[in-house]
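Student: Let me begin by handing over the structure; questions about it come next.
Each reported figure results from applying straightforward, stated rules to the coordinates on display, with no laboratory input. All values derive from a computational prediction rather than experimental measurement. So basically every Cβ, Gly included, is an ideal-geometry build from the backbone, and we count neighbours across all protein chains shown.
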Amino acid sequence: MASGSTTEPERTKRVAVVTGGAAGIGQGYALRLARDGHKVAVADLGPADETEKLIREAGGEVFAARCDVSEADSVAGFATAVGERFGHVDILVHNAGIYPIVPFEETDWATWRRIMDVNLDSLFHLAKAFLPGMRQQGWGRIVVMASATFHSGPPGMVAYTASKGGVIGFVRTLAAEVGEHGITVNAIAPGLVRTPGTLSGPQQELGLFDALSAHQAIKRVGVPEDLAGAMAFLTSDDGSFVTGQTLVVDGGFARA
Ligand SMILES: NC(=O)c1ccc[n+]([C@@H]2O[C@H](COP(=O)([O-])OP(=O)(O)OC[C@H]3O[C@@H](n4cnc5c(N)ncnc54)[C@H](O)[C@@H]3O)[C@@H](O)[C@H]2O)c1
């Protein structure tokens, strides 16, 4: 059967970077990629021991290192370490993100900057670090976490929603620049998902898990595994003609 691309590397096992892969949705992504046979490099602020253990138990190959995605030097150092370990990178899943719930009038400049640094500026650093290799090999997949808040605009999330809107714009436009090199760039916009981040935030107290899932077509709270299939598709060969898109995975909360 025709492969659709003459420059595609002849390998089924690829190398995937997952940011924020120590916990939550990122851990689910890292595990899924490993179970699909890819080598996985996890970048996280904290230790990724649990993710490493789960991947090794599943028979996968994993490398993890501390990396602050908001810092250009930290991302560059991580990229060098991954290159030394795995030689190249085929797939970048930028999942690390923060989502403080703060009314705009109480949002100071430092909070705004931190949210932009971690959620959006990080994408600049990561794309700069990993795109050249993808371009050189003529194959690459970039998937970035956006959020369904971009569509719903919930109160208390002006900075966060603006940062994820930036992600959506970045993905759309970068896709147009790199498509001819066999690289796709997409975003996933989840609804509310049960993760360490949302469980330790005010979401529970605000009754958001019950309120939002009641409005969904599928009336249960999302879990990281609900997102893994979308990521797996977008980073696969099957996703080769899908680019510049934002795939909403929210149990049918938004039904536009
Ligand atoms: N959980 C949800 O309901 C939800 C909904 C929409 C979008 N998202 C997006 O999904 C992504 C993951 O969310 P989650 O709920 O799994 O988060 P989480 O807080 O449970 O886990 C995030 C992981 O990212 C890491 N991280 C945070 N800042 C980092 C940095 N500067 N550098 C490297 N690693 C860093 C954390 O250490 C942690 O391991 C985020 O981008 C978030 O905005 C989540």
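Student: Students often forget the sequence filter, so: which lysines lie under 28 Å Cα-Cα from Lys39 once same-chain residues fewer than 8 apart are removed?
Tutor: Output for Lys39: Lys13, Lys53, Lys128, Lys164.
Student: Mind ordering 147-160, 22-35, 72-85 by average Cβ neighbours within 10 Å, highest first? Please report the intermediate quantities before stating the final value.
Tutor: Values: 147-160: 19.1, 22-35: 24.8, 72-85: 17.1.
Highest to lowest by the protection proxy: 22-35, 147-160, 72-85.
Student: To test your reading of the geometry: what angle, between 0 and 90 degrees and rounded to tens, separates the Cα axis of helix 122-137 from the longest principal axis of the chain?
Tutor: It is inclined by approximately 20 degrees.
Student: For Lys219, which aspartates and glutamates qualify as cross-link partners when the Cα separation must be under 14 Å and same-chain residues fewer than eight apart are set aside?
Tutor: The qualifying aspartates and glutamates are Asp210, Asp250.
Student: Name the residues whose placed amide hydrogens come within less than 5 Å of the amide hydrogen of Ala187, ignoring near sequence neighbours (fewer than 5 apart) on the same chain.
Tutor: Result for Ala187 returns Val144, Gln245, Thr246, Leu247.
Student: What does the charge dipole of the chain about its Cα centre add up to, to the nearest 20 debye, if the Cβ of each Lys and Arg holds +1 and the Cβ of each Asp and Glu holds -1?
Tutor: Details: 21 positive and 28 negative charges, 87 e Å.
Here the size comes out at about 420 debye.
Student: Once you place label points 7 Å from the Cα toward the Cβ at Asp237 and Leu199, how far apart are they in nm?
Tutor: Rounded to a tenth, the inter-label distance reads 3.8 nm.
Student: To the nearest 10 degrees, how steeply does helix 24-35 sit against the main Cα axis of the chain, on a 0 to 90 scale?
Tutor: Rounded to the nearest ten degrees, it is 20.
Student: At 7 Å along the Cα-to-beta-carbon direction for both Ala65 and Phe104, put a label point, then send me their distance in nm to one decimal.
Tutor: Going from the Ala65 label point to the Phe104 one covers 4.0 nm.
Student: Taking the chain as the reference, fit the longest principal axis to its C-alpha atoms, fit the long axis of helix 225-234 to the helix C-alpha atoms, and give the angle between the two in degrees, 0 to 90, nearest 10.
Tutor: 40
Student: Still on this structure, I have one more. First obtain the Kirkwood hydrodynamic radius of the chain from its Cα pairs, then insert it into the Stokes-Einstein equation at 37 °C and 0.692 mPa s, and state the resulting D in µm² per second as a whole number. Intermediate results must be reported in sequence, preceding the final value.
Tutor: Details: Rh = 18.4 Å.
D = 179 µm²/s.
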